[in-house]
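Taken together, the values in this text are just the output of simple stated rules run on the coordinates, not laboratory data. From a predicted model like this one, the values you see are computed outputs, not experimental measurements. In this analysis, Cβ positions are derived from the backbone assuming ideal geometry, glycine residues included, and neighbour counts consider all displayed protein chains.
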Amino acid sequence: MTVPVFEEYEPAIDCGCAGCAQQRRAAALPVRYGGHPAAHGARRALVLVTAAGMVLSCGAAEAASLAHRSAGATGVADPQPVTPQGPAGPLNGTGAPGPPSGPDSVPRATTRTAIMDRAKKWVSSQVPYDMEKYWSDGYRQDCSGYVSMAWNLGSNEWTGSLASFGTKISRADLQPGDMLLFHNLADPAVGSHVTLFGGWTDSTHSHYLAYEQTRPHTRKATTPMAYWSNSSKYVAYRHKGLTSGTSDSGSGTAFPGVKKFGAGADNAHVTRLGKMLIAQGGKRFYKKGAGPRWSDADKRATQAFQKAQGWKGKEADGIPGPDTWKLLVKGTGRKIPAAGSGGSPSAAPAYPGRGVFRPGQSNSHVLKLGTQLVAKGYGAQYATGPGRRWTEADRRNVEAFQRAQGWRGGAADGYPGPETWRRLFA
């Protein structure tokens, strides 16, 4: 699957209130002088009818949106949300709305866990969508108010100011609690929207779990990356005040970093590593079970797991890296062999060369590849199972496996090379 090149727009500081939007529309109308008075009246009537039509069409769009919404909280969302928003302002709906926050805004410190916990509360409460009302926590009940609440901001922001509280990141780096933001600079009242990223829902990263405030109420739903409309214009941001990716609980899926392990390390990530290693056959290395303080048992168990994958040298030094962590978290790596079994995996079949994995090719190597992909949990694209003839389903399954290794671009083109082959059969 070809990853599209996304054109990203930096949200600007602009006002999207109804008054300013009306002024922009009025300024766009041609001003003419002279002519018969009846002609002036006709033009005035045309403007009024057009405005009324816009209101009625918005209502129709909203009705159509409501009619097509999925009843399930995790169902596939409809492509045309109706998400007008209020301007930046204080909490609790008191006082006059203030100007958009400036670039020097200092966000409150928070964690990914806290962000997602707050986001889920509104989903559970099914907070009704309303750009003029405020929930009991003081946040406005529209898309930008929802993200302001989840990010624990001290004010109600809008799509034109939320960017100042975040750091721009690539979509490939998205993690739960980050936001995807589209601010329509040409007309903020049309299409502008923001969602919270809740995690990938497929191995190709083409869909994600979006937490958003939209009519009729807050929801989480499987959504195409980045959204149903204006997809290429959404920009990914990470909260500037993020203090820890997982609130140091060791419960996230992202690799916490090499510094969390090794001599002197004492944290929840070490405990989680030990538990995952035990689940993968490393129980014999631990006399008292996994704990937060790094020990020789952790190093020996990690090294045994790395060697079980067929890794050698620095790849099997007993210190977990991103690849080791990913295999342990997903449970897709080869388990640690039992004591006395030699500790080395059976040899992988020799790599047959790139030429056998191309359109029109039919051979036993393609069948062997497909069978192993299914065994590793990467056979989702097969409609009837793997076969001897190379197909697009083979390529897409290989691509999913390559992306699971953290590879991107040409390294995840769906055609197996020597390293893909080695890891697949490890």
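Computed packing ranks the peptides 138-150, 302-314, 405-417 as 138-150, 302-314, 405-417, most packed first, by mean other Cβ atoms within 10 Å.
Packing-based ranking of 212-218, 259-265 yields 212-218, 259-265, ordered from highest to lowest mean Cβ neighbour count within 10 Å. Treating r as the C-beta distance of residue 187 and residue 363 and R0 as 41 Å, the FRET efficiency rounds to 0.15.
Can you bin region 183-323 into rounded, prolate or oblate? Criterion: square roots of the alpha carbon gyration tensor eigenvalues sorted a ≥ b ≥ c, rounded for a/c under 1.5, prolate for a/b above b/c, oblate for the rest. Prolate is the answer for region 183-323, as a/c is 1.5 or above and a/b outweighs b/c. Step through the table entries 259/288; 259/314; 133/220, compare each Cα-Cα distance with 19 Å, and write down the pairs that go over it. Too far apart for the 19 Å limit: 259/288; 133/220.
Is the shape of region 283-426 rounded, prolate or oblate, going by the alpha carbon gyration tensor and its root eigenvalues a ≥ b ≥ c, with a/c under 1.5 for rounded and a/b larger than b/c for prolate? Because a/c hits 1.5 or more and a/b exceeds b/c, region 283-426 counts as prolate. When the C-alpha to C-alpha distance is required to be over 22 Å, the pairs from 260/330; 275/368; 275/299; 120/260; 299/335; 121/330 that qualify are 275/368; 120/260; 121/330.
Simple point charges give the picture: +1 on the Cβ of Lys and Arg, -1 on the Cβ of Asp and Glu, and for region 203-300 a dipole about the Cα centre of about 220 debye.
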